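To start, the structure under review is shown below, and the notes come after it.
Taken together, the values in this text are just the output of simple stated rules run on the coordinates, not laboratory data. This structure is a prediction, so every number in the text was calculated from the model and none was measured. Methodologically, a virtual Cβ is constructed for each residue, glycine included, from the backbone with ideal geometry; neighbour enumeration extends over all protein chains shown.
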Amino acid sequence: MENTSKQPFLSPADDELQEPELSVQDYLVHRWSTHSFVSSFVDIGDDIPPIAGARQFYKAFTRESKKLWYLAGPAIFTSLCQYSLGAITQTFAGHVGTLELAAFSIENSVIAGLSLGVMLGMGSAVETLCGQAFGAGQHDMLGIYLQRSWIILLATGFILMFLYIFALPFLLVIGQTESISRVAGKLALWMIPQLFAYALNFPTAKFLQAQSKIMAMAWISAAGLGLHVLFSWLLMLKLGWGMAGGAAVLDGSWWFIVIAQLIYIFSGTCGKAWPGFSLRAFSNLWGFVRLSVASAVMMCLETWYFMALVLFAGYLKDAEVAVAALSVCTNILGWTNTIAVGFNAAISVRVSNELGASRPRTAKFSVVVMVISAFLIGLIVSILLLIFQDQYPSLFSDSLDVKQVVYELTPLLAFSIVVNSIQPALSGVAIGAGWQALIAYVNIACYYVFGVPLGLLLGYTFNMGVKGIWYGMVTGTVVQTLILFWIVYRTDWNKEASIAAKRIKYWRGEAEAAKRKDLEKLNNQTEENH
C-alpha cells in the first residue's frame, strides 16, 4: 500500500518554493504502484476515453500515429541530416586513407563523443521543462529556460575545451596507438568550434521541439547538409586538403545550423515563447544545473556506451583495421539511430505536452503507439541491411580487409538496429516525464556494471575480438531496454500528470519570485533617485 505521507517529487511546499529530496527507494514507491498496464485512468478533462475492443484501439492508434508522425517525420529528417554531417566526413575520410578513417573515428567517438553526450544530455533538461510548460499553456517560461541552458552549456563548453586541447596525451594515456592518437589529437584542436556550436544548438533544438516547430529545423538541417556534402568533397578530395578541410567544413556546417535557428527564433516566429533576453535567466541557476546534470548523466551513459566499443577495438591486434571496420558499422548504426532519435524527440514532446496538459491516458497511449512503430521500422531496416550485406561495405572503405570484417559483423549490426530502435523511444518517454535521474541508475547498472565487463570478457579473455566486445555490449542494451519496458509498464500516469503540474508550479513560482525581486529593486532605485 502506498504511503500517502511521502512528499511528491519536485512539489513546492505551501509556504515556500523548494524542491524536496527523495531517496531512490522513495522515488520508486512514489512513482510506481501495483497497477497493471491495462488499468484504466480516471477521467481528466479532454483526455481520451478508455479503449475497449480492437476497433477502438485501431481508431485511436491511427489518430495517435498521425500526431506522432507529424512530429517524428521532420524530427527523423532533422536527426538524419545532422548525424550525416559527421558520417559524411567520416565517409570521405575513408577515401583519404585508413589511418585518417581510424583517427576521425577515435576523435569523433572519444573526444567529440564525450562532449556530445554532456551537451546533449544537459540540453534535455530544456526538453522536459519546455515541453511540460508548453502543454500547460505557460509559453512565456520557455525563453527563460532556453537562456538558462545556454548559460550553463557555454560554461560547460569552456571546461570541456581542455579535453580537445590535450586530446593527444589523453588518447595516449588510455592506450591508443601513437599514429592514430597524433592524427586524432590534431583533428580535435580543429574541432573546438564545433564544441561551442553544440552548446547553443542542443538547447535551441529542444526549445523548438517543445513547440512542435520541427519543420523549420528540418529545412535548416537540409540546407546545412547540402552545403556540407558539396564543400566536403571540394576541400577534402578535390583540393586535397584532407582532414583539415573536413574539420573546417564540419565546424562551418554546425555553426550554419545554429545561426539559422537563432535567426528563426529572434524573428518573432515563436511568439510569447521568446520574450527577449532577460536577467531572470540568471536566477536559480543552481536548481537548473541540478536537473541538467541529471539529464547529462542519463544521456552520457547512453551516448558513450557504443563509443566505448570503438575505443576498446583500438586495443585489439591490427587496431587500424578493427577500428575502421567497427567505425563503418557504428556509422550505419548511427544513421539508423537517427530514426529512433526522431521517435525519441516525438514521444518526448507528446508525453511532456500531454502530462503538462493533465491528459495522462493520452500520454500512456502515445508510448504504446511509439514503441510498436519503432520496432516495426527497426525490423524493416535490419532486413534491408541483410539483403545488401555484400554491397554496402564498399561505400565506406577501399580496403579489402576492412570490408571483410564489416561483412562478418553485419548480422550482429542488424540485431543491434532492432534493439536500438526501441531503446531511444523509451528514453524519450523518460525525458518527457522527467525521469532522468532514475534512468541514470539503470544505465550505470546495465551498461557499465554488466554490458562492458561482459564485452571485455568475451572480446579479450575468450579471444572473440570485435564480435565478442559487441556481443557483450548489445546484451547490456537488451537488459536496459527490458528494464525500461518494466518501468513504463508499472507507471501510474495519473501520478505523473500530478508531478508535472507541481514541477510547472515550482519553476513558474521561482521565476515570478525573481521577477518581483527585480521590480522591488527597480522601485527602490527610483525612490532613492527622487
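Dividing the summed -39500 (n - 2.57) terms of all DSSP H runs of n ≥ 4 by the residue count of the chain sets its mean residue ellipticity at 222 nm at -26000 deg cm²/dmol. Long hydrophobic helices in the chain, taken as whole DSSP H segments with a C-alpha length of 24 Å or more on their own axis and mean Kyte-Doolittle hydropathy at least 1.0: 112-135, 140-165, 214-232, 242-264, 285-313, 360-387, 400-433, 465-490. Note on segment 415-441 and segment 200-274: Cα centroid distance 26 Å, given to the nearest whole angstrom.
Charging the Cβ of each Asp and Glu at -1 and of each Lys and Arg at +1, and nothing else, the dipole of the chain about its Cα centre rounds to 880 debye. Approximating the spin labels as points 7 Å out from Cα along Cα→Cβ, the A155-to-T269 distance works out to 3.1 nm.
Computed on the chain, with alpha-carbon pairs under 8 angstrom and 6+ residues apart, the relative contact order is 25 percent. Sites listed here are chymotrypsin sites (Phe, Trp or Tyr not before Pro) in segment 262-312 whose DSSP assignment is loop and whose Cβ has at most 12 other Cβ atoms within 10 Å: F277.
Exceedance of the 23 Å cut-off in Cα-Cα distance is limited, within the set K67/K502; K67/K505; K206/K364; K213/K505; K66/K206, to K67/K502; K67/K505; K213/K505.
For Y70, what charge total do you get from the other residues with a beta carbon under 14 Å from its beta carbon, if Lys and Arg give +1 and Asp and Glu give -1? Its environment carries a net charge of +4. Here the label points at L262 and I483, each 7 Å from Cα along the C-beta direction, are separated by 3.9 nm in the simple model.
Note on K467/F282: beta-carbon distance plugged into 1/(1 + (r/R0)^6) with R0 of 56 Å gives a FRET efficiency of 0.65. The slack between I380 and I174, meaning 0.36 nm per residue of separation minus the straight C-alpha distance, is 70.3 nm. Residues of segment 372-395 with an amide N closer than 15 Å to a point placed 7 Å from the Cα of F415 along the Cα-to-Cβ direction: 382-383, 386. Using R0 = 45 Å, the C-beta based FRET efficiency linking L227 and L400 works out to 0.85.
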